[in-house]
Amino acid sequence: MEKLERPIIVPWDFSQVTENAFQHAVYMSKFLNREILLLHIVSEKKDIESKKVELKASSEKLGKEYGKKPHVEVVVGSIFKAIGDAAKEMKAEMIIMGTHGMKGAQKLFGSKALKVVVSSRIPFFVVQDKPVKDKIETILLPIDFKRENKEKANWIYYLARNFGAKFIILKSKAKDKGFRRKTLSNIKYIESFLKGHDVEYEIVTSSGKQRFKKEIVAFAKEHQADLILVMATRDITWADYLLGAPEQYLLANPENLPVMCMNPKPAKIAGGFRAAGGN
């Protein structure tokens, strides 16, 4: 693979939605001072050269149209593993991935996107539409009872430092006392971090009138958030995909809002070993 310093990877399948993702990558690259790499996945080695020709043509076209010519790479494998493997090998800054969020099929498309996301510890910036503007000013940070919420802290600092964004913390309104206690613990941890790093924020409690994942999207739309920051379910299993992990809905949300999603660290179990899951 071409040697690039922490590139922004855009998985590319020659569709409009991946071009939308490239447009996001262009403005992100200006803030992060990174090169962009188009990554195409083929199932057989014999297809590499022909697809590389097509990919180079796309690169030339994009460079002329958007003023930023991307690098290109074609690899063999499944999208559910090859994207994460390539990102790890190249020490990518992030992966900006276009996904189809068709109404009525959010679970299907969200499931596919989530399977790709959990293949890597590299953060995914998942988009459906073209950028509305060329900067990130307001980020919605949903917080519930899950412990992995605390892992958002480092990414809060990353986004605040690079984009100067303001954060709106949307606190889940849980009925269960145990969940309320855990949610409050997460809020206190994140709030302490934000104060310690002088990051602008406000806290709003959800109404609890509908499922939290739907409140997240509605709130983000109403308050014109530029990005929703979420963590994938820790050590996700087939049952999570079958039942519909909340991230699936968010990644393919009906308002077509950009979502930054990270795969949390595997959980520790007795003896210091880690449970399976993630890379």
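The values are calculated or read from the model by the stated rules, or taken from the named source; none is laboratory data. Since the model is a prediction, treat every value here as computed from it, not as a measurement. Here the Cβ positions follow ideal geometry from the backbone for every residue, glycine too, while neighbour counts run over all protein chains shown. For the accessible areas, the whole protein counts, side chains as well, though only heavy atoms, and no ligand, DNA or RNA atoms are used. Shrake-Rupley method; radii C 1.70, N 1.55, O 1.52, S 1.80 Å.
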Worksheet item: at pLDDT 90 or above, open to solvent by 10 Å² or more (accessible area, probe 1.4 Å) and on the phi < 0 side of the Ramachandran plot: does that describe Lys150?
Response: yes
Worksheet item: Scanning for something under 22 Å from Glu255 (Cβ atoms), in a strand (DSSP E or B) and among the basic types (Lys, Arg), does region 165-173 turn up at least one residue?
Response: yes
Fill in: Output for region 174-206, where each listed residue is in contact (Cβ under 8 Å) with a residue 40 or more places away in the chain, closer than 21 Å to Ala220 by Cα and assigned to a helix (DSSP H, G or I)
Thr183, Asn186, Ile187, Ile190
Discussion item. Checking the structure you have, find out if any residue of region 197-204 is open to solvent by less than 50 Å² (accessible area, probe 1.4 Å) and among the hydroxyl-bearing types (Ser, Thr, Tyr).
Written reply: no
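Limited to region 205-220, what total is found for residues that are more than 12 Å from Leu140 (Cα to Cα) and open to solvent by 30 Å² or more (accessible area, probe 1.4 Å)? Even if it seems obvious, please write down each step before you answer.
Of all residues in region 205-220, those more than 12 Å from Leu140 (Cα to Cα) come to 205-214.
Those left that are additionally open to solvent by 30 Å² or more (accessible area, probe 1.4 Å): 205, 207-214.
Total meeting the criteria: 9.
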Fill in: Matching option when the condition is touching a Lys or Arg at 6+ places or on another chain (Cβ under 6 Å) and not β-branched (Val, Ile, Thr), among Gly164, Gly178, Gly196, Gly208
Gly208
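Here is a yes/no grid of residues against (1) modelled with pLDDT of 90 or more; (2) open to solvent by less than 30 Å² (accessible area, probe 1.4 Å):
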| position | (1), (2) |
| --- | --- |
| Gly77 | yes, no |
| Gly84 | yes, yes |
| Met102 | no, no |
| Phe109 | no, no |
| Leu114 | no, yes |
| Ser120 | no, yes |
| Val132 | yes, no |
Discussion item. If I go through region 134-143 residue by residue, how many of them are assigned to a loop (DSSP other than H, G, I, E, B) and surrounded by fewer than 21 Cβ atoms within 10 Å (Cβ to Cβ)?
Written reply: 3
Worksheet item: Mind checking which residues of region 91-100 are at pLDDT below 90 and either touching a Pro at 6+ places or on another chain (Cβ under 6 Å) or open to solvent by 30 Å² or more (accessible area, probe 1.4 Å) (or both)?
Response: His100
Worksheet item: Would you call Gly63 farther than 22 Å from Leu227 by Cα, modelled with pLDDT under 95 and exposed (fewer than 15 other Cβ atoms within 10 Å of the Cβ)?
Response: no
Discussion item. Please verify whether Val132 is of a type in the set (A, V, I, L, M, F, W, C) and either farther than 15 Å from Asp226 by Cα or touching a Cys at 6+ places or on another chain (Cβ under 7 Å) (or both), treating the condition exactly as stated.
Written reply: no
Fill in: Some residue of region 158-181 being open to solvent by less than 50 Å² (accessible area, probe 1.4 Å), in contact with a His (Cβ under 8 Å, 6 or more places away or on another chain) and modelled with pLDDT under 95
yes
Discussion item. Name the single residue that is surrounded by the most Cβ atoms within 10 Å (Cβ to Cβ) among those in region 244-265 being of a type in the set (A, V, I, L, M) and assigned to a loop (DSSP other than H, G, I, E, B).
Written reply: Ala252
